Amino acid sequence: MGVNWNRGMMRWKPHVDAAGKAYPLNHLHPFRYTLAVNCGKGQAEVHVAFAMHCFTRACADGGDESLLYRDARETRSFCPDRYTLSWQLPEIARTLAERRCSFAKADNYVTVDMQTAGGVAAQYGVFFNVMRAGGNAVLLTIQSAYQLGVGKQVPGRGSVKFVRLVELTLTGVKPRAPR
């Protein structure tokens, strides 16, 4: 793939709060890795991108203006909790082939990572989609990631292996969620 493989993918600027503290977001810049596949292609190139929902949340009415984070499409509120958890996303993206993935809503998939913060176990939901990017490449976009509510049902249904998702995407087949 050429030098412009990541053209059009977001490179997030740091968030700076009212006190002038900067929260760098370069850990969520696009990257790529190769993945062994079994669909006659040998290896696939996985291009990884991250959406704003990985470190922001919906704006609250009357919320703190200094927390606003904007891109060309929307304005949301910077979320320190999502930001802290987002540092794990590049590693989660690289290890999706080793994780349980399920079907989520709107052509998305989800994997749930167990976290421990202060001795308390929590579930971190990572929502993503996979699209063909040409040749032997797919675009994996982490759409959203946040700590799941305690006692709430884990999102997603069924099970699908990430490698199989990539294989189907490369061959132009849309995976089907269980009924």
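The values are calculated or read from the model by the stated rules, or taken from the named source; none is laboratory data. Everything numeric here is computed off the predicted structure, so don't read it as measured data. Note that each Cβ is placed from the backbone with ideal geometry, even for glycine, and that neighbours are counted across all protein chains shown.
Taking segment 159-179 as the range and being closer than 30 Å to Asp81 by Cα and loosely packed, with under 13 Cβ neighbours inside 10 Å as the test, only Ser159 passes. Scan segment 15-28 for residues that are modelled with pLDDT under 95, part of a loop (DSSP other than H, G, I, E, B) and surrounded by 11 or more Cβ atoms within 10 Å (Cβ to Cβ) and the total you get is 1. Note on segment 3-43: residues that are under 17 Å from the mean Cα position of the chain (by Cα) and over 19 Å from Pro90 (Cβ atoms) amount to 1. The residue that is modelled with the highest pLDDT, among those in segment 57-89 that are closer than 16 Å to Ala18 by Cβ and among the polar types (S, T, N, Q), is Ser77.
All conditions but one from (1) touching a His at 6+ places or on another chain (Cβ under 8 Å); (2) among the basic types (Lys, Arg); (3) surrounded by fewer than 16 Cβ atoms within 10 Å (Cβ to Cβ) apply to Arg70; the one that does not is (1).
Given the residues Val110, Val154, which is the only one that is surrounded by 11 or more Cβ atoms within 10 Å (Cβ to Cβ) and in a loop (DSSP other than H, G, I, E, B)?
Within the list Val110, Val154, the selection yields Val154.
Out of the residues in segment 128-151 meeting the condition of being in contact with an Asp or Glu (Cβ under 9 Å, 6 or more places away or on another chain) and in a loop (DSSP other than H, G, I, E, B), tell me which one is modelled with the highest pLDDT. Result: Asn136. Return yes when Gln115 is touching a Leu at 6+ places or on another chain (Cβ under 8 Å) and surrounded by 12 or more Cβ atoms within 10 Å (Cβ to Cβ) and no when it is not. Yes; evaluated as a whole, the condition is true for this residue. Just checking, does segment 93-106 include any residue being out of contact with any Gly (no Cβ under 8 Å at 6 or more places or on another chain), over 19 Å from Met9 (Cα atoms), among the aliphatic types (A, V, I, L, M) and surrounded by fewer than 15 Cβ atoms within 10 Å (Cβ to Cβ)? Yes: segment 93-106 contains one or more residues that are out of contact with any Gly (no Cβ under 8 Å at 6 or more places or on another chain), over 19 Å from Met9 (Cα atoms), among the aliphatic types (A, V, I, L, M) and surrounded by fewer than 15 Cβ atoms within 10 Å (Cβ to Cβ).
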